[in-house]
Amino acid sequence: MITQQQPTQGKVSSFADQLTAVGIRIQEDKPLPGMTAQLKLRSKDWGFAAKVAAQNKLRWSAVWGDHRPPKIIIRALLFGVDGHLLLQTEVTEGSPELPSQAEFFIVASRPERYLQDMFGVRFQEKKDNRRWIRHQAWLETDFPLRQTFPVAGNPVENTKPDNNYPFPAVDGEGVYQIPVGPVHAGIIEPGHFRFQAMGENILRLEERLGYVHKGIEKIAVGRDLDGLIRLAGRVSGDSTVTHSWAACQAIERALEINLPPRALSLRAILSERERIANHLGDIGAICNDVGFSFAQYQMSRLRELWQRQNQLIFGHRLLMDLFVPGGVSVDLSKDDILNLQLEIEQLRPEVEELLPLLLECPSLQDRLRDYAFLTTADAQRLGAVGYVGRASNLQDDLRRDAPYAPYDQLDVKVPAFSEGDLIKRMRVRGEEILISLDLLSKLLKQLPEGSLSVDYSLPGREVEGVGLVEGWRGETLAYLRLDDQGKVLRYFPRDPSWLTWQALEMMLDGVIVPDFPVCNKSVNGSYSGHDL
Amino acid sequence: MFHIYNKIRRTGCVTEPFPMPDAPVVELGAACQKEIAAHFSGSLAIRMIDTGSCNGCELEMHAANNSFYDIERFGIHFVASPRHADLLLVTGVVSRHMQEALKRTYAAIPAPKLVVAMGDCAGYGGEFGISYASCGSVSNVIPVDAIIPGCPPTPTVLLQGLLQLLRQ
Ligand code: SF4
């Protein structure tokens, strides 16, 4: 295991100087809370700035829009060893032209297509400007996240399927296409995969998502804060704690609320519990996808016990609806703490026994080792996050590298490997379970006394905030703009799946079609979190 | 290999007697199996479709298959093709992008067929409701025979809901 190297090398604090050095005019703003730096650019420099960022080894994290008539404000988030930088520009709604950043950060391509579908921003000199999230539910000339677009839209009785989306085909003798989805064979979310195959071998996979787009950003507008948190908890059900935390953090930063230490520790406890539950379940599911049902039986058993404890102590098996702006809505009694500590001591030996068993089992290794590689270079090119990044030695973990309370008080170890094969993606998750168990026992032992939440007053003016937390899938963002009454003007959640879905397409070199499900499971992107 | 056998031996069988609120498990299980035997030749085949869930409902559907609940022992199992299914189990609001896929999946199931909406979204529109992107509840798109409420319904509630529908 590697624990030293740190591939994101650039610093965001020197980015302003680097831009000025190449003649880009910038305006430095006071950064929003949680950001290290914030820069405004002219729209024509948007692409070039990305080039400088890529040269200086910053990681591209997100882009989003915000319609404030007559302008559309565009923001991109970059990450360096010293924290996050918010890059801002604006275009007019009449001629929303913007240079693309996708040439320098390939992962920016789909988020830009999303901006094109939702705001009508046109990206110049961009190779791929096909629709992305838009299927047939609204017209090409309609842009749902513009303020003039009504939340009800203008839907027809029966929305047509999107069956003429242009997939580029691979030519050659014996090459054929396999369309899969949106409805898959198992218990899984919908999406479309288009394989170009020759015999059993996958030559190319292209994903087509957007099937579960339910308008989360649009229906968030006008909600009060409690309503927003309920919605945030349902951006992706398996990450309900993560998205709730990110949204709460954005609110709290916007309103300048300081949380009681007990609330912060309880949030971290919930977050680590969510991480462990998902890792347990997915390790079992990965093994099950190659027919190794022993692991599925054992891991789903452990996950079930873990979820029952969630129900018993926190009142919800998936830990939904336990966050409130300014704190949490659950507390732990002395007995609860003892129970949770006991549970940790029961789970740890089971995991310590099972992981080596899986890693030593030859028939399982035969299927998972040296297969479905994501090279470090590709992971870096992509800015992959979470376990997908870590298995390829892209280690960024906000709990360690841009720590927010209470992780600033904890020593978070980050497991990483350099091989980037399927088994390493699974191993990272195994290691993370053990690390999270350590964190949990520390958090429980040192749980501060005090209140669960603080009262806060409404802003009285328009405010904005960015929340950033490390969920079990990786870096998760929430951007919020609130009006003077605390009603939502703009909510943008960025699930880490946006950054890992594309990794899946890049790891299929030499992979055969029947092994696609296990590769997919090793990444496990959220469809809902991506489609919004 | 011995380690694995040993672990299996030590873990044993964790499958539980199934708790029903108002009927002893064995009786109800037997009654349901009788229903399934009479109407579905001994096995009820479920095809699930997610038409716009947050994926929370899927997690609990997976859990219903784990060794504690082991839904298969009641003759209920999940199938890959709608053409093999007796019952369509739908999660999530129906996103407009999934509307046609839902209708085609429904059409592909041989009659007589049952439709169950799992969770508050599928049942009532839940947190997402009707919008430019969502048709709201499943009953806005295809006929629904039963709703299993919850966000998400726990595996126990899911099983109770299915068994109750069968009893009707
Ligand atoms: S009912 Fe709840 S858990 Fe199920 S899909 Fe809807 S929001 Fe998610």
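Taken together, the values in this text are just the output of simple stated rules run on the coordinates, not laboratory data. Just so you know, these numbers come straight off a predicted model, no measurement behind them. Cβ coordinates were reconstructed from backbone atoms using ideal geometry, including for glycine residues, and neighbour counts include every protein chain displayed.
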What is the order of A:Lys334, A:Lys214, A:Lys40, fewest Cβ neighbours within 10 Å to most?
A:Lys334, A:Lys40, A:Lys214
Running Debye on segment B:26-167 with equal point scatterers at the Cα sites and no solvent, what base-10 log of I(q)/I(0) appears at q = 0.10, 0.11, 0.21 Å⁻¹?
-0.30, -0.37, -1.29
Please report how far the C-alpha centroid of segment A:89-168 lies from that of segment A:174-204, rounded to the nearest whole angstrom.
25
As an exercise, use a Förster radius of 60 Å and the Cβ-Cβ distance of A:Glu28 and B:Ser41 to find the FRET efficiency, rounded to the nearest 0.05.
0.25
Under 5 Å between amide H atoms, partner at least 5 residues away or on a different chain: which partners does B:Leu114 have, H built in plane at 1.01 Å?
B:Leu87, B:Leu88
With only helices counted (DSSP H, runs n ≥ 4, each -39500 (n - 2.57)), the per-residue ellipticity at 222 nm for chain A, to the nearest 500, works out to -11500 deg cm²/dmol
Full-stretch length increase - A:Asn258, A:Leu312 - with 0.36 nm per residue and alpha-carbon distance subtracted
16.5 nm
Contour minus end-to-end for A:Gln177 and A:Ile344, with contour as 0.36 nm per residue of separation and end-to-end as the Cα-Cα distance?
55.3 nm
Based only on Cα atoms, what mean projected area does the convex hull of segment A:465-532 have, in nm²?
5.3
Work out from phi, with θ = phi - 60° and the Karplus expression 6.51 cos²θ - 1.76 cosθ + 1.60, the ³J(HN,Hα) of each residue of segment A:354-361, listed in order in whole Hz, and give x for Gly and Pro.
6, 4, x, 4, 5, 6, 9, 6
At 0.36 nm per residue, minus the direct Cα-Cα distance, what do A:Lys71 and A:Asn129 gain on full extension? Give it in nm, one decimal, please.
18.7 nm
For a label point 7 Å along the Cα-to-beta-carbon line of A:Gln409, residues of segment A:257-301 with backbone N under 13 Å:
A:259-269
Using a simple spin-label model with points 7 Å from Cα along the Cα→Cβ vector, what separation in nm is obtained for A:Val454 and B:Ile8?
5.6
For every helix of n ≥ 4 consecutive DSSP H residues, a contribution of -39,500 (n - 2.57) applies; sum these over chain B, divide by its total residues, and give [θ] at 222 nm rounded to the nearest 500 deg cm²/dmol.
-11500 deg cm²/dmol
How many percent of DSSP beta bridges within the protein assembly as shown run antiparallel, rounded to 5?
70
State the Cα centre-to-centre distance between segment A:283-329 and segment B:62-109 in whole Å.
22
Given all pairs of distinct Cα atoms, segment A:15-124 yields a Kirkwood Rh in Å of 13.9
Order these by the 10 Å Cβ neighbour count, fewest first: A:Val175, A:Val183, B:Val144, A:Val22.
A:Val22, A:Val175, B:Val144, A:Val183
So, in Å, what gap is there between the alpha-carbon centers of segment A:375-413 and segment A:488-503?
17
Distance in nm between pseudo-label sites at A:Ala152 and A:Lys445 (7 Å out along the Cβ direction from Cα)
5.9
The base-10 log of I(q)/I(0) that the Debye equation returns for segment A:209-342 at q = 0.11, 0.20 Å⁻¹, one scatterer per C-alpha, is -0.48, -1.16
Viscosity 0.890 mPa s, temperature 25 °C, Stokes-Einstein D of chain A from Kirkwood C-alpha radius, µm²/s
103
Using the basic label-point model (7 angstrom from Cα toward the beta carbon), what is the A:Asp331 to A:Thr141 distance in nanometres?
6.0
Which three extents, in angstrom, do the Cα atoms of segment A:97-224 have along their principal axes, listed largest first?
53, 37, 26
Give the angle, between 0 and 90 degrees and rounded to the nearest 10, that separates the Cα long axis of helix B:99-108 from the longest principal axis of the Cα atoms of chain B.
60
Going by C-beta contacts inside 10 Å, put B:Phe128, A:Phe195 in order with the fewest on the left.
A:Phe195, B:Phe128
